[in-house]
Structures are given as structure tokens and as C-alpha cells.
Amino acid sequence: MNEAAGFFERALQVNPRDTHARYNLANALVIQQRWEPAANEFRKVLADNPDNSGARQRLGEVLRLLGYQSAKRAVSMRRLRSGASRYTSDRTTRCCTAI
């Protein structure tokens, strides 16, 4: 899978704003069990496209693997208390990058 990660990294060198390549790189990093770099890539995807539910779900999975269960729960509770939709882009981006 290192080969796939290398391919997506090269694609991002050509076009750093390619969210599909970034999402696929993050998934390749998950397969390699490189949790922190994967989480960082998922955060970048969400910064460019806050409505990307796949990236949001995968980021949550990676954060759980990293032991951020209580932080993720706190983010969810803050979102519920504020009445924010799960698709509210500004708040979602801030929550995901804050963790």
C-alpha cells in the first residue's frame, strides 16, 4: 500500500487542492495504520469540503483508534447543544481541526 500512498502524494504535488487524492491518501495511511498522518489528511479534506460525510466518518474512526473517544464525544455534544446541523460547515471545520 506504500505504492498507493506514494501515488496520491505525487498527485497532491501536482494539485494540492485535489480532495479526492487527499481522501484516498488518508485511506491509504489508515491501511498502513499511520493514524496521526491519516487524521491530518482527513482534516484537510474537511477544511476544503466540510460536507464530506465520508471524511468526517473516517476521521471519527481514526480519532477513536487514537483514543480520542472523549474528545469526539465532547465535539458531538457541543454541536447538539448549539443546535448546529451536522452539516454546518464553519462549525464542523472548527470542531474537526480543534481535535
Inset, instruction - Working carefully through the options LEU29, LEU12, LEU46, LEU25, find the one that is in contact (Cβ under 8 Å) with a residue 12 or more places away in the chain and more than 15 Å from the chain's Cα centre (by Cα). - result: LEU12
Legend entry - All positions within segment 1-51 that are out of contact with any Phe, Trp or Tyr (no Cβ under 7 Å at 6 or more places or on another chain) and part of a loop (DSSP other than H, G, I, E, B): MET1, ASN15, PRO16, ARG17, ASP18, GLN32, GLN33, ARG34, ASN49, PRO50
Legend entry - Selection from segment 35-59 of residues that are closer than 21 Å to ALA5 by Cβ and small (Gly, Ala, Ser): ALA38, ALA39, ALA47, GLY54, ALA55
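Each reported figure results from applying straightforward, stated rules to the coordinates on display, with no laboratory input. The structure presented is a predicted model; accordingly, all values stated were derived computationally and were not measured. Backbone-built Cβ (ideal geometry, glycine too); neighbour counts: all protein chains shown.
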